[in-house]
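Comments concern the structure below.
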Amino acid sequence: MITDCYHFFMNTDERHRLIGELLRHRDQMTVDELMTACGASGATIRRDLDVLALHGVLRRVHGGARSLVLRGENPAYGQRELEDHAVKVRIAAGVAAMLQDRGHIWLDSGTTATEIARQLRQRDMTIMPMSLRAVSILSPEDAPAGRRPELLMPGGSLIPGEMSFRGPMTESNIRSLRFDTAVVTPCALNLKDGLLAHDLDDAAVKRAGLESAGRVIVACAGSKWDASAVALVASLDAVDAIVTDRRLSPEEHAHLAQHSVEAVIV
């Protein structure tokens, strides 16, 4: 658990990440407590809480903020975006280094996939992204002249908040193409079951992506290993490589080797 302490000269992103992390361990915090933790003024903290509440990270209450995570509510995209950010950046760089220019890439949705999109925005390749967040990163209006990916849009239904594509139309359009590589970001992973998602619709889209690709790279932070999720995406036999920050035991390395899965530790 993070303990309260003064953090001077924090920028906005650093304060937001600290507030999000504190509210993973505390049911509720006051503005005064967050002022002490962040070394910021009350006006600054109140603005931060309004922004974080808008993005589904917390619930604004009189005099402070209430945790959504400890009350059993599913963390929204905004909350997940704050978690393990530095790890996701390292994983994204590791995945980008494994992708060849001029390739055709299927890119999953989620916060790790968004970081991967940032790594690919000046690469010469064709990408089908599964979220509008990745689309906006890969095709900014103010992009300078030079190399940039060509985008294929999957269509289908758009999930509010997540801004990700779902449904039979999405799956059909994915399966109508063949990709060099699918980059899958599972909600959970374990050595017994393989790749997991939180719901059946997400699992179906992930499955369509990996089954339409010649190579499957899994991008998975260590916090998702052995986490809980209900929908099976695929076994480890469908995976070619896993990029993770988890320090694997000799037994885990041996298990992955049995399934011919390359482990890339970042």
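Here are some notes:
- Every condition in (1) open to solvent by 40 Å² or more (accessible area, probe 1.4 Å); (2) of a type in the set (D, E, K, R); (3) modelled with pLDDT of 95 or more; (4) closer than 18 Å to CYS187 by Cβ holds for ARG90 except the one numbered (4).
Results for (1) closer than 21 Å to ILE116 by Cβ; (2) in a helix (DSSP H, G or I); (3) open to solvent by less than 10 Å² (accessible area, probe 1.4 Å); (4) touching a Leu at 6+ places or on another chain (Cβ under 7 Å), shown as yes or no for each residue.
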| site | (1), (2), (3), (4) |
| --- | --- |
| ASP201 | no, yes, no, no |
| ARG207 | yes, yes, no, no |
| ARG215 | yes, no, no, no |
| SER228 | no, no, no, no |
| VAL243 | yes, no, yes, no |
| ARG246 | yes, no, no, no |
| GLU252 | no, yes, no, yes |
| HIS255 | no, yes, no, yes |
| VAL264 | yes, no, no, no |
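- The requirement of being hydroxyl-bearing (Ser, Thr, Tyr) and either at pLDDT 90 or above or open to solvent by less than 10 Å² (accessible area, probe 1.4 Å) (or both) is fulfilled nowhere in region 5-27; no residue meets it.
Listed here are the residues, each with its yes/no results for (1) in contact with a Phe, Trp or Tyr (Cβ under 9 Å, 6 or more places away or on another chain); (2) touching a residue at least 60 places away in the same chain (Cβ under 8 Å); (3) under 25 Å from GLU171 (Cα atoms).
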{"position": "ARG90", "(1), (2), (3)": "no, yes, no"}
{"position": "ALA97", "(1), (2), (3)": "no, no, no"}
{"position": "ARG102", "(1), (2), (3)": "no, no, yes"}
{"position": "LEU107", "(1), (2), (3)": "no, yes, yes"}
{"position": "THR112", "(1), (2), (3)": "no, yes, yes"}
{"position": "GLU115", "(1), (2), (3)": "no, no, yes"}
{"position": "GLN122", "(1), (2), (3)": "no, no, no"}
{"position": "THR126", "(1), (2), (3)": "yes, no, yes"}
{"position": "LEU132", "(1), (2), (3)": "yes, no, yes"}
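- Failed item in (1) more than 19 Å from the chain's Cα centre (by Cα); (2) open to solvent by 70 Å² or more (accessible area, probe 1.4 Å); (3) of a type outside the set (A, V, I, L, M, F, W, C); (4) closer than 19 Å to LYS224 by Cα, with ASP193 passing the rest: (2)
- Region 190-199, subset of a type in the set (A, V, I, L, M, F, W, C) and not in a loop (DSSP other than H, G, I, E, B), residue nearest to SER131 (Cα to Cα): ALA197
- Answer residue from region 174-190, given it is open to solvent by 20 Å² or more (accessible area, probe 1.4 Å) and more than 20 Å from LEU120 (Cβ to Cβ) and is modelled with the lowest pLDDT among those: CYS187
- Any chance ARG121 is under 27 Å from LEU256 (Cβ atoms) and either charged (D, E, K, R) or open to solvent by less than 50 Å² (accessible area, probe 1.4 Å) (or both): no
- Looking across region 138-161 at every residue that is surrounded by fewer than 19 Cβ atoms within 10 Å (Cβ to Cβ) and under 19 Å from VAL184 (Cα atoms), the one that is modelled with the lowest pLDDT is identified as ILE159.
- The residue that is farthest from ALA203 (Cα to Cα), counting only those in region 102-111 that are at pLDDT 95 or above and in contact with a Lys or Arg (Cβ under 8 Å, 6 or more places away or on another chain), is HIS104.
- Tally, over region 50-63, of residues that are over 22 Å from the mean Cα position of the chain (by Cα) and either part of a helix (DSSP H, G or I) or farther than 17 Å from ARG26 by Cβ (or both): 1
- Residue in region 165-177 that is polar (S, T, N, Q) and in contact with a helix residue (DSSP H, G or I) (Cβ under 6 Å, 6 or more places away or on another chain) present: yes
- Within region 159-195, the residues that satisfy the criterion of being closer than 30 Å to ALA257 by Cα and either of a type in the set (Ser, Thr, Tyr) or touching a Lys or Arg at 6+ places or on another chain (Cβ under 9 Å) (or both) are PHE179, ASP180, THR181, ALA182, VAL184, THR185, PRO186, CYS187, ALA188, LEU189, LEU195.
The values are calculated or read from the model by the stated rules, or taken from the named source; none is laboratory data. In this text, all values refer to a predicted model and were calculated from it rather than measured experimentally. Using ideal geometry, Cβ is built from the backbone for each residue, glycine included, and neighbour counts are taken over all protein chains shown. SASA here: full protein model, heavy atoms, side chains in, ligands and nucleic acids out. Shrake-Rupley method; radii C 1.70, N 1.55, O 1.52, S 1.80 Å.
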